[in-house]
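S.K.: Structure below; questions to follow.
The values are calculated or read from the model by the stated rules, or taken from the named source; none is laboratory data. All values derive from a computational prediction rather than experimental measurement. Every residue, glycine among them, receives a Cβ derived from its backbone with ideal geometry; neighbour counts consider all protein chains shown.
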Amino acid sequence: MRIRFDEPMVPVARVGVTSQPPATLTPQVAGIWRWIDSRVLVFTATKGRLPGATTFVVTMPAGTKALSEAKLAEDLRVDFRTSRSRS
């Protein structure tokens, strides 16, 4: 899963670094978050992929701050569903 921001969120020195994410993923899945760009945060599940046939909610909380000091005024929520696993 990738989250792309409109403006830089972290300094270039943090690109590639495992990070405490500004977002939450529900239901929780074991994995790591890391910045692949100053504007792109990636979640990689420990088991290689997210569980199939599952609805997930990604929430970015109000107050999340960009490098410019701009803050998200209210929570941002995105829902998505993974396809069924193939046997």
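S.K.: Can you find a residue in segment 15-27 that is in a loop (DSSP other than H, G, I, E, B) and either in contact with a Cys (Cβ under 6 Å, 6 or more places away or on another chain) or modelled with pLDDT of 95 or more (or both)?
M.R.: From segment 15-27, those in a loop (DSSP other than H, G, I, E, B) are 15-17, 19-23, 27; that's our starting set.
After this cut, where a residue has to be either in contact with a Cys (Cβ under 6 Å, 6 or more places away or on another chain) or modelled with pLDDT of 95 or more (or both) as well, the list is 27.
Yes, there is a match, as at least one residue in segment 15-27 is in a loop (DSSP other than H, G, I, E, B) and either in contact with a Cys (Cβ under 6 Å, 6 or more places away or on another chain) or modelled with pLDDT of 95 or more (or both).
S.K.: Follow-up question, since we're still on this one. Got a number for residues in segment 47-75 being within 15 Å of ARG2 (Cα to Cα) and either over 11 Å from the mean Cα position of the chain (by Cα) or hydrophobic (A, V, I, L, M, F, W, C) (or both)? Spell out how you get there, then give the answer.
M.R.: Pass one, segment 47-75, residues within 15 Å of ARG2 (Cα to Cα): 48-50, 56-60.
Right, trim to either over 11 Å from the mean Cα position of the chain (by Cα) or hydrophobic (A, V, I, L, M, F, W, C) (or both) and you get 48-50, 56-58, 60.
Residues that pass the stated criteria total 7.
S.K.: Also, I was wondering about something else. For segment 17-32, give me each residue that is within 24 Å of ALA70 (Cβ to Cβ) and over 12 Å from the mean Cα position of the chain (by Cα). Steps first, answer last, please.
M.R.: Our first condition is that a residue be within 24 Å of ALA70 (Cβ to Cβ); within segment 17-32, this holds for 17, 19-25.
Residue satisfying the conditions is VAL17 alone.
S.K.: Follow-up question, since we're still on this one. Checking PHE56 against (1) at pLDDT below 95; (2) under 22 Å from PRO27 (Cβ atoms), which test does it fail?
M.R.: Here PHE56 meets the rest and fails (1).
S.K.: Look at SER68 and say whether it is of a type in the set (S, T, N, Q), assigned to a loop (DSSP other than H, G, I, E, B), without any contact (Cβ under 8 Å) to a residue 40 or more places away in the chain and surrounded by fewer than 12 Cβ atoms within 10 Å (Cβ to Cβ). Please lay out each step first, then the result.
M.R.: Numbers: of a type in the set (S, T, N, Q): yes; assigned to a loop (DSSP other than H, G, I, E, B): yes; without any contact (Cβ under 8 Å) to a residue 40 or more places away in the chain: no; surrounded by fewer than 12 Cβ atoms within 10 Å (Cβ to Cβ): yes.
It is false that SER68 is of a type in the set (S, T, N, Q), assigned to a loop (DSSP other than H, G, I, E, B), without any contact (Cβ under 8 Å) to a residue 40 or more places away in the chain and surrounded by fewer than 12 Cβ atoms within 10 Å (Cβ to Cβ).
S.K.: Moving to a separate point now. Give the residues of segment 44-59 that are in contact with a Lys or Arg (Cβ under 8 Å, 6 or more places away or on another chain), surrounded by 12 or more Cβ atoms within 10 Å (Cβ to Cβ) and hydrophobic (A, V, I, L, M, F, W, C), sorted by residue number.
M.R.: Correct list: PHE56, VAL57, VAL58.
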